Amino acid sequence: MSQVEVTSQTKYPWQSIVFITSTYANGEVHTGSGVMVGPNDVLTASHVVYDSTTGQSPIEITVTPAFDPSPFTAPFGSVDAVSWHYNANFDPNGDGLIVSGNGGAGLEGVELDYALLDLGVALGYETGWMEIDPTFVSGSVNLTGFPDLYGNNMMNDMGWVVDNPFDDFIDISGLEVHPGNSGGPVWYEENGVGHVVGIVSTGVAAHDVIASYGTLLDWIADNDRLIAAA
């Protein structure tokens, strides 16, 4: 398959997909993708918000829903994350390479490559959000994000994917993936609602949300306090 530019990014569910910029103390800016999964919750990959080669997390993370770089459009504005949760041990030796899994019990690499950004505003009430589906085994999905190769335009590929039978990752080797897609959702739409089943981690594997579902629910519930008075 191949990626196609999304031209309806201001409509749900596309508008729930966000462009992420992570700014580090040394001035470097890394980009990635993510998706709203609650009123103030952005799901993405750990390696989008933590540089395992330097052991550093960004000093600022900004999300822009429905981002369009040319001509520049940010219909919902940009929002800085208040805080973020991630796993630092998805790449334990810091070589920048993320293995798909370990072939059995325990979690490694892609299986740990998930993160949640906490927003101080209920942005999701404007953009809508996707549900998290930990029951997915196989099916036709979208893979959406803002790859560098395409100038950070919102791009989408579609295809059939299957869960790995031994580890908690989804084989996306049959889909087109580039830097910038990292953290973007692997998802399907049912009854008008987007459902996230995975998060892009490497060029061949996506984190399967079955491995993180309980933790994500805890994080999502915990950050409600940030918008409780809103």
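Only residues that are over 19 Å from Gly103 (Cα atoms), open to solvent by 30 Å² or more (accessible area, probe 1.4 Å) and not aromatic (Phe, Trp, Tyr) were counted across region 154-168, and they come to 1. If the condition is being more than 19 Å from Asn26 (Cβ to Cβ) and either among the basic types (Lys, Arg) or assigned to a loop (DSSP other than H, G, I, E, B) (or both), then region 57-90 contributes Ala66, Phe67, Ser70, Pro71, Ala74, Pro75, Phe76, Gly77, Ser78, Asn87, Asn89, Phe90.
Can you pull out the residues in region 133-143 that are buried (at least 23 other Cβ atoms within 10 Å of the Cβ) and touching a Phe, Trp or Tyr at 6+ places or on another chain (Cβ under 7 Å)? Steps first, answer last, please.
Taking region 133-143 as the starting set, the residues that turn out to be buried (at least 23 other Cβ atoms within 10 Å of the Cβ) are 141, 143.
Answer for region 133-143, where residues must be buried (at least 23 other Cβ atoms within 10 Å of the Cβ) and touching a Phe, Trp or Tyr at 6+ places or on another chain (Cβ under 7 Å): just Val141.
Taking the criterion of being of a type in the set (A, V, I, L, M) and in contact (Cβ under 8 Å) with a residue 24 or more places away in the chain, the residues of region 57-107 that qualify are Ile59, Ile61, Val63, Ala66, Val79, Ala81, Val82, Ala88, Ile98, Leu107. Just for region 134-167: of the residues that are within 21 Å of Gly194 (Cα to Cα) and acidic (Asp, Glu), which one is modelled with the lowest pLDDT? Checking each candidate, the answer is Asp163. For Ser83, the conditions (1) surrounded by fewer than 17 Cβ atoms within 10 Å (Cβ to Cβ); (2) within 15 Å of Met154 (Cα to Cα); (3) at pLDDT 95 or above are fulfilled apart from (2). Scanning region 1-56 for residues that are free of Cβ contacts under 8 Å to residues at least 12 places away in the same chain and assigned to a strand (DSSP E or B) turns up just one, Val29. Filtered by the rule that a residue be assigned to a loop (DSSP other than H, G, I, E, B) and surrounded by fewer than 20 Cβ atoms within 10 Å (Cβ to Cβ), region 109-125 gives Gly120, Val121, Ala122.
The values are calculated or read from the model by the stated rules, or taken from the named source; none is laboratory data. Since we're looking at a predicted model, the values are computed, not measured. Every residue, glycine among them, receives a Cβ derived from its backbone with ideal geometry; neighbour counts consider all protein chains shown. Only protein heavy atoms, including side chains, enter the accessible area calculation; ligands, DNA and RNA are left aside. Shrake-Rupley method; radii C 1.70, N 1.55, O 1.52, S 1.80 Å.
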